[in-house]
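Peer 1: Below is one structure. I have some questions about it.
The values are calculated or read from the model by the stated rules, or taken from the named source; none is laboratory data. As the structure is a computational prediction, the values presented were derived from the model and not from experiment. Here Cβ is always computed from backbone atoms with ideal geometry, including for glycine, and neighbour counts include all displayed protein chains. Areas reflect the complete protein model, heavy atoms only, side chains present, ligands, DNA and RNA absent. Shrake-Rupley method; radii C 1.70, N 1.55, O 1.52, S 1.80 Å.
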Amino acid sequence: LVHFSFLRLGVIPFASFLVCRIIGLDPILTAVGVILAAMPGGSSTVILASKYGSDTAYASKLVVFSTALSLLSIPIWALVLQF
């Protein structure tokens, strides 16, 4: 659970932040892209797990855990992205 949430809420937004800074995007576009990348795993994860016969209970835990952690990570990203 922690590994998935760390990737979803930390690594992916950081990578998008670096790419946006390297290519020189406008700070507002960078902020929008990073905040969108920092959103938690969606409920469609559980739907797809159910459709393909995977562990829906684990998928549900991933969604709930990443959503709870996003209550902390999104404001932190917003502070980092202040311009």
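Peer 1: Can you tell me what the convex hull of the Cα atoms of region 8-48 projects to on average, as an area in nm²? Don't jump to the answer; show the numbers that get you there.
Peer 2: Numbers: hull surface 12.1 nm².
Result: 3.0 nm².
Peer 1: Please give, to one decimal in nm, the separation of the simple spin-label points placed at L29 and V2, each 7 Å out from Cα toward the Cβ.
Peer 2: 3.8
Peer 1: Follow-up question, since we're still on this one. Once you place label points 7 Å from the Cα toward the Cβ at K61 and V11, how far apart are they in nm?
Peer 2: Those two pseudo-labels are separated by 2.0 nm.
Peer 1: How much length is gained on full extension from Y52 to L71, taking 0.36 nm per residue of separation minus their Cα-Cα distance? Don't skip to the answer; put the middle values down first.
Peer 2: On the way: separation 19, 0.36 × 19 = 6.84 nm, distance 2.96 nm.
Separation in residues times 0.36 nm, less the Cα-Cα distance, equals 3.9 nm.
Peer 1: Moving on. Please check: in the Gaussian network model of the chain (C-alpha springs, under 10 Å), which one of S16, S73, S43 has the largest mean-square fluctuation.
Peer 2: For the chain, modelled as a Gaussian network with Cα springs under 10 Å, the answer is S43.
Peer 1: Something else about it: Quick one: with all protein chains in place, what share of the accessible area of the chain is carbon or sulfur, to the nearest percent (1.4 Å probe)?
Peer 2: 75
Peer 1: Would you calculate the separation in nanometres between label points at S43 and Q82, each defined as 7 Å from the Cα along the Cα-to-beta-carbon direction?
Peer 2: A separation of 3.4 nm, rounded to one decimal place.
Peer 1: How compact and how long is the chain, expressed as Rg and Dmax of its alpha-carbon atoms in Å?
Peer 2: Looking at the chain, its Cα Rg and Dmax stand at 14.3, 45 Å.
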